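Asks: I'd like to ask some things about the structure below.
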Amino acid sequence: MSILSFARSATRARFSATAAIRSSAASVHTLPKLDYAYDALEPHISGEIMTLHHTKHHQTYVNGLNAAEDAYVKTDSTKDRIKLQAALKFNGGGHINHSLFWKNLAPATQGGGQLHDGPLKAAIERDFGSLGKLKEKMNATTAAIQGSGWGWLGYNQATKKLEVVTTANQDPLLSHVPIVGIDIWEHAFYLQYKNVKPDYLNAIWNVVNFKEAETRLVEATK
Amino acid sequence: MSNHTLPDLPYPYDALEPYISRQIMELHHKKHHQTYVNALNAAESAYAKASTPKERIALQAALKFNGGGHINHSLFWKNLAPSKSEGKGNGGVLPEGPLKNAIVASFGNLDTFKKEFNTATLGIQGSGWGWVGVNPSTHRLEVSTTANQDPLLTLVPIIGVDIWEHAFYLQYLNVKADYLNAIWSVINWEEAEKRFAEATGGAKL
């Protein structure tokens with residue numbers, strides 16, 4: 001074999017290997033790192049909870065999502081694809097929701113719990129009257145979820161208002177632009193707060209990342 | 001008007017150890033189940049006072065959630081028992097009889113049944129319950145699940161397992177599978193046998 005044809009066949013082999021990898025891997029989701037240490041949100045959310053929540057629960061959604069997407073790509077049966085929808089929704093939603101969650105939390109040293117003057121504060125006062133009233137509404141609505149789920153402060157693009165809404169299980173928020181999400185699955189608080197959900201919901205406002213929330217609102221209102 | 005009350009546990013809070021901790025049993029019974037009882041009473045009270053279909057429909061969610069929570073947990077405490085393996089009771093032992101025969105008929109053997117039950121229960125995407133129940137038409141056992149606190153309506157409940165995180169998290173953390181393996185040591189098969197007999201009219205397979 002001449003050097004040229006050897007090189008050509010080697011290149012062809014490399015291209016087809018890459019194509020095979022691309023078609024079987026689909027997208028590979030990864031667990032995003034936290035922007036703070038596991039114990040940075042103490043005493044409001046314990047290091048033990050943050051560690052389990054991030055390294056076990058969220059990681060499991062990432063793994064489950066990758067497996068579901070992988071299976072989806074490998075089939076061309078409409079029926080099989082529909083069968084995979086539940087896994088895609090549950091794990092995809094889990095990945096989306098938790099990724100938003102880590103970012104809308106911050107230690108006090110990074111501004112957690114502090115709402116400064118600006119578009120977000122103005123919108124909260126316009127739509128709820130005050131931050132205190134928003135917290136009351138959000139906490140009551142979130143505590144009332146009958147099962148697992150999420151409480152959200154969301155921006156309604158139709159009404160141009162901030163609204164409190166909830167999603168069940170790991171359903172992502174689709175009706176509104178997510179501004180602040182609060183996980184009310186028991187794994188999010190039970191080790192520390194046991195059955196006393198209101199104590200968790202009161203505490204978490206100390207570590208809500210209002211800067212990130214404002215960034216999301218500004219983006220949504222562009 | 002019915003005034004629902006929290007049923008006493010048939011055993012002490014630490015009786016199901018080491019499979020389910022005393023701490024979990026105390027919180028689960030005295031806090032979680034009690035809350036369902038209180039809220040069910042409140043919802044029924046409001047329902048009795050309601051005068052329009054709209055008001056009554058608005059109360060349905062509270063009745064279903066808290067009524068289901070009360071039903072499910074009342075069944076749960078009774079289908080648990082201190083374990084034979086710890087020398088504390090008869091929990092975990094499936095005696096010879098119609099129920100065992102039905103398990104073999106539907107699942108092949110007890111281990112296969114447990115695997116199927118645990119797989120279905122692990123597959124719940126959120127909070128809920130794993131069940132084995134009698135299909136009222138076929139009189140055969142089937143594994144099923146319900147979401148949140150929905151009561152089991154399609155089958156006659158024989159055994160229920162709570163897979164809400166409050167049922168296991170303090171002891172098993174995120175490792176649901178370990179909880180589901182452990183709980184079989186404290187399943188009250190005698191109670192299950194009673195329920196089965198009632199569901200099948202005592203009929204032999």
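Asks: Give me the residue from the range B:90-110 that is more than 19 Å from the chain's Cα centre (by Cα) and part of a loop (DSSP other than H, G, I, E, B) and, out of that set, nearest to B:Asp14 (Cα to Cα).
Replies: Selected residue: B:Pro95.
Asks: Considering only the range B:128-141, how many residues are out of contact with any helix residue (DSSP H, G or I) (no Cβ under 7 Å at 6 or more places or on another chain) and either in a strand (DSSP E or B) or within 14 Å of chain A (Cβ to nearest Cβ) (or both)?
Replies: 3
Asks: Further question on the same structure: Name the residues in the range B:5-34 that are touching a helix residue (DSSP H, G or I) at 6+ places or on another chain (Cβ under 8 Å) and in a helix (DSSP H, G or I), would you?
Replies: Of everything in the range B:5-34, those that are touching a helix residue (DSSP H, G or I) at 6+ places or on another chain (Cβ under 8 Å) and in a helix (DSSP H, G or I) turn out to be B:Gln23, B:Ile24, B:Leu27, B:His28, B:His29, B:His32, B:His33.
Asks: In addition: Would you point out the residue of the range B:150-166, among those that are part of a loop (DSSP other than H, G, I, E, B) and more than 22 Å from B:Ser21 (Cα to Cα), that is nearest to the other protein chains (Cβ to nearest Cβ)?
Replies: Restricting to residues being part of a loop (DSSP other than H, G, I, E, B) and more than 22 Å from B:Ser21 (Cα to Cα), the top hit is B:Asp150.
Asks: Kindly list the number of the only condition in (1) more than 14 Å from chain A (Cβ to nearest Cβ); (2) surrounded by fewer than 17 Cβ atoms within 10 Å (Cβ to Cβ); (3) part of a helix (DSSP H, G or I) that fails for B:Glu44.
Replies: Just one mismatch for B:Glu44, condition (2).
Results for (1) under 19 Å from the mean Cα position of the chain (by Cα); (2) of a type in the set (Ser, Thr, Tyr); (3) surrounded by fewer than 15 Cβ atoms within 10 Å (Cβ to Cβ), shown as yes or no for each residue.
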| position | (1), (2), (3) |
| --- | --- |
| B:Ile20 | yes, no, no |
| B:Met25 | yes, no, no |
| B:His29 | yes, no, no |
| B:Leu40 | yes, no, no |
| B:Ala48 | no, no, yes |
| B:Leu59 | no, no, no |
| B:Phe76 | yes, no, no |
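Asks: Does B:Lys78 satisfy the criteria of being among the basic types (Lys, Arg) and without any contact (Cβ under 8 Å) to a residue 40 or more places away in the chain?
Replies: no
Asks: Taking the range B:47-87 as the region of interest, how many residues are within 14 Å of chain A (Cβ to nearest Cβ) and not hydrophobic (A, V, I, L, M, F, W, C)?
Replies: Total satisfying the criteria: 9.
Asks: Here's another thing I want to ask about it. Do the conditions hold for B:Ile124, that is, is it of a type in the set (Val, Ile, Thr), crowded, with 17+ Cβ neighbours inside 10 Å, modelled with pLDDT of 95 or more and not in a strand (DSSP E or B)?
Replies: Considered against the rule, which asks whether it is of a type in the set (Val, Ile, Thr), crowded, with 17+ Cβ neighbours inside 10 Å, modelled with pLDDT of 95 or more and not in a strand (DSSP E or B), B:Ile124 comes out as yes.
Asks: A follow-up question, please. When you look at A:Pro198, is it surrounded by 18 or more Cβ atoms within 10 Å (Cβ to Cβ) and either at pLDDT 95 or above or within 19 Å of the chain's Cα centre (by Cα) (or both), yes or no?
Replies: Details: surrounded by 18 or more Cβ atoms within 10 Å (Cβ to Cβ): no; either at pLDDT 95 or above or within 19 Å of the chain's Cα centre (by Cα) (or both): yes.
Spelling it out, it is not the case that A:Pro198 is surrounded by 18 or more Cβ atoms within 10 Å (Cβ to Cβ) and either at pLDDT 95 or above or within 19 Å of the chain's Cα centre (by Cα) (or both).
Asks: I'd like to check which helices (runs of 4 or more DSSP H) are fully inside the range A:1-110 and have at least 3 residues that are closer than 27 Å to B:Leu122 by Cα and at pLDDT 95 or above.
Replies: Values: elements: A:3-25, A:47-52, A:59-74, A:78-103.
Fully inside the range A:1-110 and qualifying: A:47-52, A:59-74, A:78-103.
Asks: I've got another one for you. Are there helices (runs of 4 or more DSSP H) fully within the range A:115-219 with at least 2 residues that are more than 25 Å from A:Asp35 (Cβ to Cβ) and more than 14 Å from chain B (Cβ to nearest Cβ)? List them.
Replies: Per the criteria, A:119-128, A:131-143.
Asks: So, one more: Only one residue in A:Leu131, A:Leu191, A:Leu173, A:Leu217 is closer than 22 Å to A:Ala86 by Cα and touching a Leu at 6+ places or on another chain (Cβ under 9 Å), so which one is that?
Replies: A:Leu173
The values are calculated or read from the model by the stated rules, or taken from the named source; none is laboratory data. Since this is a predicted model, take the numbers as computed values, not measurements. Please note: Cβ atoms are built from the backbone with ideal geometry, for glycine as well, and neighbour counts cover all protein chains shown.
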